Amino acid sequence: MSIQNILLVDDSKTELYFLSDLLTKRGFSVRTAESGDEAMRRLSEAKPDLILMDVVMPGTNGFQLTRTITRDPRFADVPVIMCTSKGQETDRVWGLRQGARDYVVKPVDADDLMAKIQALG
């Protein structure tokens, strides 16, 4: 599977702008969502090849949303990479246990993120 379309879920407009810019300059098509509800709407509109998921958001947090998405038969094959400021090992382990395929700590290192995306593609 080649990754082209990425859904970026983060409540920070700054992060959305930074990551969208980073990914579009590398040829990806990016759609964004600022909340769990918006992310689920975006998923129902068009299934992405990858989801980059923040953890700390109002309402449904990224751990809960990742669990919901990865356990839904419609989206179970869409890989999720947690992309968060929560850098503790326990957070990383918990994120992976919720169904995330990988975990990136902010501030995001562009080369590291690209390597993780390519590893999934």
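A short reminder: the numbers here are calculations on the coordinates, not readings from a lab. On a predicted model such as this, the values are computed, not experimentally measured, just so you know. Counting neighbours? That spans all protein chains shown, and the Cβs are built from the backbone with ideal geometry, glycine included.
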Length-normalised contact order of region 1-109, Cα under 8 Å, at least 6 apart, in percent, tallies to 23 percent
Eight or more residues apart or on different chains, and alpha-carbon atoms under 19 Å: count the Lys pairs in the chain matching that. 7
Efficiency of FRET from Cβ geometry, GLU89 and ALA119, R₀ 22 Å, rounded to 0.05: 0.65
Label model pair ALA46, ARG71: point-to-point distance (7 angstrom along the Cα→beta-carbon line) in nm is 2.9 nm
Expressed in Å to one decimal, the Kirkwood Rh of the chain from all distinct alpha-carbon pairs is 13.9 Å
Of ILE69, ALA39, PHE18, which is farthest on the positive side of the dipole of the chain, counting Cα position, with +1 on Lys and Arg Cβ, -1 on Asp and Glu Cβ, and the Cα centre as origin? ILE69
Rounded FRET efficiency, nearest 0.05, which uses the C-beta distance separating THR24 from VAL108 and R0 of 22 Å: 0.90
Springs between alpha-carbon atoms under 10 Å, Gaussian network over the chain: tell me which of LEU22, LEU50, LEU65 tops the mean-square fluctuations. LEU22
Structure-based [θ]222 nm, the chain - -39500 (n - 2.57) summed over DSSP H runs of at least 4, per residue, nearest 500: -12500 deg cm²/dmol
